[in-house]
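First comes the structure, then the notes that go with it.
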Amino acid sequence: MSKKLIRFDWAIKRLLRNKANFVVLEGFLSELLFEDIKIKEILESEGNQESWEDKYNRVDILTENSKNELIIIEIQNTYEIDYFHRMVYGTSKAVAEHLRLGQAYWEVKKVISINIVYFDLGQGQDYIYKGTTTFQGLHFNDTLQLSEKQRNTFAKTLVSDIFPEYYLIKVNQFNDVAKDTLDEWIYFLKNSEVKDEFRAKGLKEAREALDIMRLDKENQYSYNRYLDYLHWKASEAMNAQLAIEEKALQMENEIRLDEKMKNMVEIAKSAIREGLTDDLIMKLTNLTIEHIQQIRKELSK
C-alpha cells in the first residue's frame, strides 16, 4: 500500500543532502541519464538556501559525480516566463565558477542541468525533454565531429559531450501511467507516493528516507510551513491570472464599446445628411443631444 511521502523539492534541500541518502538522488539520476550515477559530493552554491523564507519556489542542488561532471538539479513550482534563460545562466555560472585561474579551457567541466517544473513551460506534448549542443553544416548538412586526436585528448566521443546538457521534466503533464522505471520517478515527483510495485532505482530508499512520520518536530514544523507557503503561492498565482483575465475582458469590452460608438456616430452623420431631427437621431443611436449637435457643427464646417 502506497503512502504519502515528503515532497521531493523540500527533501532535496535537507534530507537528500545527507551522504547517507545519496542513494535516493543517485537512483533518480541513474534512471534519468540511463547510466549508473555515483555522487561524489554535494557542492555549495548561491542557490543552496537553508531558511524557509529564501526563494522557496526555487530549489537548487549542485552535485559532482564520479566522472567529475557537474549536475545541477533545480525545481520550480511557480510560473516564470524566462525560465529557459535562467537554465542558460545556471549552466554558464557553473562552468565559470569551476574553472580555476590558470586552468586550460579543455579542463572545463561537463554540466548537466536537470530542471523539474510544476507549470507549463513552452509548447510541447511530452513531459521529458533533453537538449544538447550540436553543429550542423549549412551546405552539406553534416554534423561536426571531434577529431581522433581530440577524442583521445579529451576522452570525449562527441562534440555535445563537451557542452552543457539540459533535461526538462514537466511534471504536471505526466498522465500518472508509469510505463517504465523513469515514469515511476515522475509519478513520485508529481504525487509524492511510491507504489508497492515500483522498482525504479532509489525509490525504495526514498520511501524510507522521506517518510513524514520519521521527521523530528523541528523538521515537521518547517515542512508544514513549506506546504503552507506552496498553497499561498498557488493562490497568489491564481489571483494574478484572474486579474489578468479580468483586465483583458475589460479592455475587450472597452474596444467593443468604442467600435459601437464609432458606428453610432457614422449613423448619426448619415441621418444628419438625410435631414432627420435631433430627437429622431437620438432614438436611432442612443447618442446624447449634445453629442449629436457637436457632430452637426463638425459637418457644417
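Coordinate-derived values only; no laboratory data. Computed from a predicted model, the values in this text were never measured in an experiment. Here Cβ is always computed from backbone atoms with ideal geometry, including for glycine, and neighbour counts include all displayed protein chains.
Observations on the structure shown:
- Relative frequency of Cα-Cα separations exceeding 13 Å in region 171-211, percent: 43
- Highest mean packing comes first when the peptides 192-205, 273-286 are listed by Cβ atoms within 10 Å, giving 192-205, 273-286.
- Computed from Cα positions, the angle between helix 83-97 and the longest principal axis of the chain comes to roughly 40 degrees.
- In this structure the amide hydrogen of Glu165, modeled in the peptide plane, comes within under 5 Å of the amide hydrogens of Val111, Ile112, Ser113, none closer than 5 places in sequence on its chain.
- If only the Cβ of Lys and Arg carry +1 and only the Cβ of Asp and Glu carry -1, the dipole of the chain around its Cα centre is close to 220 debye.
- If both residues of a DSSP beta bridge must be in the chain, then about 60% of such bridges are antiparallel.
- Near Tyr129, once Lys and Arg are set to +1 and Asp and Glu to -1 for all other residues with Cβ below 12 Å from its Cβ, the sum equals 0.
- Degrees, to the nearest 10: 289-300 long Cα axis against longest axis of the chain: 80
- Amide hydrogen proximity for Val194: with H placed 1.01 Å from N in the peptide plane, the residues at 5 or more positions away or on another chain lying under 5 Å are Lys3.
- Extension gain, Lys269 back to Lys283 (0.36 nm per residue minus Cα-Cα distance, nm): 3.6 nm
- 3J(HN,Hα) along region 279-287, derived from phi through the Karplus expression 6.51 cos²θ - 1.76 cosθ + 1.60 where θ = phi - 60°, amounts to 4, 5, 5, 4, 5, 6, 10, 6, 6 Hz, with x in place of Gly and Pro.
- Region 173-301 shape via C-alpha gyration tensor axes, a/c threshold 1.5: prolate
- Rounded if a/c under 1.5, otherwise prolate or oblate - region 88-182, Cα gyration tensor axes: prolate
- Computed over region 237-300, the P(r) curve from all C-alpha pair distances, binned at 5 Å from the origin, holds 4, 17, 22, 15, 9, 7, 8, 7, 6, 4, 2, 0 percent per bin.
- For region 78-112, backbone nitrogen atoms closer than 18 Å to the point 7 Å from Ser147 Cα along Cα-to-C-beta are found at 105-107.
- Degrees, to the nearest 10: 181-191 long Cα axis against longest axis of the chain: 50
- In order along region 153-168, the phi-based Karplus estimate (6.51 cos²θ - 1.76 cosθ + 1.60, θ = phi - 60°) of 3J(HN,Hα) comes to 6, 8, 6, 10, 9, 10, 4, 5, 5, 8, 7, x, 10, 10, 10, 10 Hz; Gly and Pro are listed as x.
- Mean Cα-pair separation over length for the chain, i.e. relative contact order, pairs under 8 Å, 6 or more apart, %: 19
- Normalised contact order of region 237-300, rounded percent, pairs of Cα under 8 Å and 6 or more residues apart: 27
- Residue exposure proxy: Leu299, Leu182, Leu25, ordered by other Cβ atoms within 10 angstrom of their Cβ from fewest to most, comes out as Leu299, Leu182, Leu25.
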